[in-house]
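Everything below concerns the one structure shown next.
The values are calculated or read from the model by the stated rules, or taken from the named source; none is laboratory data. Because the structure is predicted, anything quoted here is derived from the model rather than measured. Here the Cβ positions follow ideal geometry from the backbone for every residue, glycine too, while neighbour counts run over all protein chains shown. Note: accessible area is taken over every heavy atom of the protein model, side chains too, but ligands, DNA and RNA are not part of it. Shrake-Rupley method; radii C 1.70, N 1.55, O 1.52, S 1.80 Å.
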Amino acid sequence: MNLREKLPFSKALYGILLLAVSAPAACGYILPGADISSWTARMEELAGGLSLFASREAILAGGGQLHAMDSNLWLWLPALVYRLCGNMARAYQLSLLVIQAGTLTGMYLLCRRLLQGRAAVYLGTLLYVTCPYRIYLCYDRADLWQAAAWMLVPFYLYGIAGVMGWGEEGSRLRDGLWAALSLAGIGYASSILLAVTLGVTVLICLFGKKAWPLPAAGAGCLLCLPVVVRLAAYLTGGYGDLGMPLACISQRGYSLGRYFVTFAYKEDLPGLGLALMIGLAALAWTAFAGGGVDWRKGTGVLFLCGCVLWVFSLSLFPWDVLQRLGDWALRLIPLLYSPGLFFGGACLLLSPAAAMALERLQERTEEAVWGTAVLGTAAAGLGAALYLCNMLTYLRMPLEL
């Protein structure tokens, strides 16, 4: 029996992964965060009656202008829990547990379609689930709208991969429906991430040299038409009474050195994390010294899209120039809040390629070296996630409601 068969990539490891990133949700209280006041204001409003969009009063009360175009759909379930039990902390815990479990499931499905081998599937899932940017978004910034949207992006890419013919044979109609429903869910969670995901879809079509994902993307936009109409109304001059942000976002972007932060970070700019850095190092070694990279099943297309998003996350990228394209750009770009959003997308898109490179190390190195790289990557990802989650719970006092 070789080392690949000895390593226990079982369901228990996925359970450990879920527990590692869900630790702050087990505290029994709400962690303070930049966007948590907006979330609690909407929860208070929804407890009195469900509505698709927040009222002007709820937006202004919670300082939620960045999410003024986002719907309440993904808040309905926690709002019902809050209404039934009267405990907002329970609703907060439910939201985070659903987000973490959904993210793990979606990334597992995507990696199983794109990659071969249990080790590669597990590592690809781990690299995204333990990504420092995603943990920052869930707990530090507490942007549960974008966290829910990022939960759905792997499901969307899973459907797009099927439409593009990557992975196992399947029904393009079924995969297209899967992609359309996932994109609609992204739209109802975060209008700005809907726009970013549509941009990534165009990149996939260009790099993949196929336009098959476009009908699914169009169907998804139709399914979340209320969000599209609301966003379009804002971009054409509506909702002037909400005090929406119009500032340039370039200063919130990444400098090159901040990409290589492993654990602690500051100024809302988490780095790649040690696990993804190991995976990308394995990818570089495989490409330049290990006999080339096998970009099978679309990992190369996603890698190229990730590199484009990586460039967009730089502080040097001319977002201030793009805002001068018109009133629509002046209004749309500030909804990103930070170019770091593109960095989060890059981490997702680079993860399958990094996991593939780690898997293929076995073909080019001794089994002991491969096993050390795989186990070291898993330990680095889990260790960083536990460290970040532990520091958040240690340093943050419970939110008083």
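Of note, Val202 satisfies the criterion of being more than 22 Å from Pro132 (Cβ to Cβ), of a type outside the set (Lys, Arg) and either in a helix (DSSP H, G or I) or at pLDDT below 95 (or both).
Could you grab me the full set of residues in segment 95-118 that are within 24 Å of Gly371 (Cα to Cα) and surrounded by 24 or more Cβ atoms within 10 Å (Cβ to Cβ)? Across segment 95-118, the qualifying residues are Met107, Leu110, Cys111, Leu114, Leu115.
Residues in segment 73-91 that are out of contact with any helix residue (DSSP H, G or I) (no Cβ under 7 Å at 6 or more places or on another chain) and surrounded by 16 or more Cβ atoms within 10 Å (Cβ to Cβ): 1 in all. Restricting segment 162-218 to residues that are charged (D, E, K, R) and open to solvent by 10 Å² or more (accessible area, probe 1.4 Å) leaves a set whose member that is nearest to Ser71 (Cα to Cα) is Arg174.
Can Tyr158 be described as in contact with a Phe, Trp or Tyr (Cβ under 9 Å, 6 or more places away or on another chain), farther than 17 Å from Gly300 by Cα and not polar (S, T, N, Q)? It is false that Tyr158 is in contact with a Phe, Trp or Tyr (Cβ under 9 Å, 6 or more places away or on another chain), farther than 17 Å from Gly300 by Cα and not polar (S, T, N, Q).
Taking the conditions (1) of a type outside the set (A, V, I, L, M, F, W, C); (2) within 16 Å of Leu348 (Cβ to Cβ); (3) surrounded by fewer than 24 Cβ atoms within 10 Å (Cβ to Cβ) in turn, Arg134 satisfies each one other than (3). Quick check: is even one residue across segment 38-57 assigned to a helix (DSSP H, G or I), of a type in the set (A, V, I, L, M, F, W, C) and open to solvent by 50 Å² or more (accessible area, probe 1.4 Å)? No, that holds for no residue. Could you give me the residue pairs with C-beta distances under 7 Å whose first residue belongs to segment 165-181 and is of a type in the set (D, E, K, R), whose second residue is in a helix (DSSP H, G or I) and surrounded by 21 or more Cβ atoms within 10 Å (Cβ to Cβ) wherever it lies, and which are 6+ apart or on separate chains? Listed by first residue and then by second, the contacts come to Glu168/Arg113; Arg172/Gly162; Arg172/Val163; Asp175/Gly159; Asp175/Gly162; Asp175/Val163. Check segment 314-337 and report whether any residue there is closer than 30 Å to Arg364 by Cβ and out of contact with any His (no Cβ under 6 Å at 6 or more places or on another chain). Checking segment 314-337: not a single residue is closer than 30 Å to Arg364 by Cβ and out of contact with any His (no Cβ under 6 Å at 6 or more places or on another chain).
For segment 316-352, which positions are hydroxyl-bearing (Ser, Thr, Tyr) and within 25 Å of Leu283 (Cβ to Cβ)? Within segment 316-352, Ser351 is the sole residue that qualifies.
Pairs needed: first member in segment 305-319, farther than 17 Å from Leu348 by Cα; second member anywhere, of a type in the set (Lys, Arg) and open to solvent by 20 Å² or more (accessible area, probe 1.4 Å); C-beta distance under 8 Å; at least 6 residues apart or different chains. Cβ pairs passing all conditions: Ser315/Arg252.
Just give me the residues in segment 251-275 being over 30 Å from Val321 (Cβ atoms), in a helix (DSSP H, G or I) and open to solvent by less than 60 Å² (accessible area, probe 1.4 Å), in sequence order.
Matches in segment 251-275: Ala275 only.
Let's see how each residue does on (1) farther than 30 Å from Gly176 by Cβ; (2) in contact (Cβ under 8 Å) with a residue 40 or more places away in the chain:
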position	(1), (2)
Lys209	no, no
Leu246	yes, yes
Ala281	yes, no
Trp285	yes, yes
Phe288	yes, no
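Going through (1) within 15 Å of the chain's Cα centre (by Cα); (2) open to solvent by less than 10 Å² (accessible area, probe 1.4 Å) one by one, Leu152 falls short only on (2). Annotation: of all residues in segment 224-242 being without any contact (Cβ under 8 Å) to a residue 60 or more places away in the chain and among the aliphatic types (A, V, I, L, M), the one that is surrounded by the most Cβ atoms within 10 Å (Cβ to Cβ) is Val228.
Can you tell me how many residues within segment 58-72 are in contact (Cβ under 8 Å) with a residue 60 or more places away in the chain and open to solvent by 10 Å² or more (accessible area, probe 1.4 Å)?
Count: 3.
Only one entry of Leu304, Leu375, Leu322, Leu348 meets the criterion of being crowded, with 20+ Cβ neighbours inside 10 Å and in a helix (DSSP H, G or I), and that entry is Leu348.
Selection over segment 58-83 of residues that are farther than 12 Å from Trp145 by Cβ and either assigned to a helix (DSSP H, G or I) or acidic (Asp, Glu) (or both) gives a count of 13.
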